[in-house]
Amino acid sequence: MTVTHRKRTANDAEKDIAESGVKYHCDPCNQNITDTVRIRCAVCSDFDLCVRCFCSGAELGKHKNWHDYRVMEQHSFPIFEADWGADEEMLLIEGAETFGIGNWQDIADHVGSKTRDECEAHYLQVYVESDAWPMPDMHKKFDMDPEAQAARKRQRLAMRLNRVPAPTKVQKPMTSQPANHEIAGYMPGRLEFETEYENEAEQVVKDMIFSEEDTPEEVDLKLMVLEIYNAKLNKRLERRKFVFERGFLEYKKNQALEKKRSPKERELLNSVRVYAQLQTSEDYDKFVDGLLKEMHLRDRIAELQEFRANGLTTLAGGQEYLREKANRSSLRHLVSRDTVMNDRRNARPPPQRSNIDEISLSRGSAANKSTPVVRKPANPLNIQNAEGIHLLTVPEQALCSTLRIFPKSYMIIKEQLLKEHARLGGLKRRQARELIKIDVNKTGKIYDFFVEAGWIQNSDA
């Protein structure tokens, strides 16, 4: 099918912008032959001529006037509906294959003589809702005389020329940005999140294929995998529904409500939020309101008990007591702050350099005279629940606990030492300390352990 060839003028380009649908142009003279009879070369690929150029024997490029040819005429006669010609049916199917079912505006632009609503209604009625589905009804007949066909061609040509072009599409952003929604990662147009619950669930079933060569055991296994995948999808839908129903997407509104609450109220709500999944929205709101009311009553009871303990018998006296208590608290804060500032201001100046040297010398001489201090070894590290503990032997676990090294870090050190030993054919203690950038004492003990276990050969001996 020839579509808008090369060597086109500015007038032709402007005309095509105003028109829609597939266009055919004569390759030698560039004349628009969309709505007339055209000659297509059967030898050259995608080469059309108008009747005048064909009669004059025009040649262009590899095309010769002695090549075989075919006469292409508009098939405007109806085959499924009286308002749709055969060529329009072909353009409709071609547009659906090119742009996909649902992109009716693009399909209508491809057809050129129908609107998007007409294309959608015609496709659904003729092809989808057909009694002979998946094939349309091929037994319809339409009796049209030549004059009616000619009138129909003129009508279609006028519709094509007078058709208003579709508005230019605006490319929407493909990712969820803060400008689209106040929750990052949420796509409001699709009601989905960029990272869903069990986000890698599709990786298990994306390459699954059922074939006739599968054994019954393989079929049962694949069906079990699909059941697990469907269970994950159900959990994903439940969590998404929970987020939508509880209004968690209204971030700014929820944040404004949180700011109005006291710190104790926010702490209480955060501690009981886990129960929201076990209750409906109404029950959870009642539950939270009850807890807040209970907390306020307890605070009020404690306040009244404090009034009674201080000999107050009226509420007015209690309010006066609270005001004085707040004033005393603020005054105490100011006094403590002033005390700290005065202590800093009256602190002794730092000693001079000579005094520092004398102090250090005196301390050094005193330390030499006194008994040397024995450093107490650190307590062993509890690694029973550490990650990777099952990969170590019992002696290795004891070594990691003594040296206070986690199993994962020990496995990395072990891998580096063994690789270096295999590369050099031996390993010295100095080389091990240069390779492992940790405490040299810990590296030495790990090195001695590997030598005793026979994993590396001591090159120092």
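Annotations for the structure displayed:
Each row is one residue, and each column tells you yes or no for (1) open to solvent by 20 Å² or more (accessible area, probe 1.4 Å); (2) under 20 Å from His25 (Cβ atoms).
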| site | (1), (2) |
| --- | --- |
| Cys41 | no, yes |
| Gly57 | yes, yes |
| Glu81 | yes, no |
| Trp84 | no, no |
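- Whichever residue in region 67-113 is touching a Gly at 6+ places or on another chain (Cβ under 9 Å) and assigned to a loop (DSSP other than H, G, I, E, B) and, among such residues, is modelled with the highest pLDDT: Asn103
- Taken over region 196-236, the criterion of being at pLDDT below 90, open to solvent by 50 Å² or more (accessible area, probe 1.4 Å) and within 30 Å of Arg273 (Cα to Cα) is satisfied by Tyr197, Glu198, Asn199, Glu200.
- Region 86-127, residues that are among the aliphatic types (A, V, I, L, M) and open to solvent by less than 20 Å² (accessible area, probe 1.4 Å): Ala86, Leu92, Ala96, Ile107, Ala108, Val111, Val126
- Cross-chain or 6+ apart pairs with Cβ under 6 Å, region 227-253 first and hydroxyl-bearing (Ser, Thr, Tyr), then at pLDDT below 90: Tyr229/Ala201; Tyr229/Val205; Tyr251/Glu182; Tyr251/Ile183
- Residue list for region 116-137, filter: of a type in the set (S, T, N, Q) and within 36 Å of the chain's Cα centre (by Cα): none
Residues are listed down the side, and each one gets a yes or a no for (1) of a type outside the set (A, V, I, L, M); (2) part of a helix (DSSP H, G or I); (3) surrounded by 15 or more Cβ atoms within 10 Å (Cβ to Cβ):
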| site | (1), (2), (3) |
| --- | --- |
| Tyr410 | yes, yes, yes |
| Lys414 | yes, yes, yes |
| Lys419 | yes, yes, no |
| Ala422 | no, yes, no |
| Arg430 | yes, yes, no |
| Arg433 | yes, yes, yes |
| Ile438 | no, no, no |
| Tyr447 | yes, yes, yes |
| Glu452 | yes, yes, no |
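- Single match in Val272, Val340 (criterion: β-branched (Val, Ile, Thr), at pLDDT 80 or above and either out of contact with any strand residue (DSSP E or B) (no Cβ under 6 Å at 6 or more places or on another chain) or open to solvent by 70 Å² or more (accessible area, probe 1.4 Å) (or both)): Val272
The values are calculated or read from the model by the stated rules, or taken from the named source; none is laboratory data. In this text the structure is predicted, and so the values were computed from the model without any measurement. Cβ sites come from the backbone with ideal geometry, for glycine too, and all protein chains shown count toward neighbours. When the accessible area is computed, the model is the full protein with side chains, heavy atoms only, and any ligands, DNA or RNA have been set aside. Shrake-Rupley method; radii C 1.70, N 1.55, O 1.52, S 1.80 Å.
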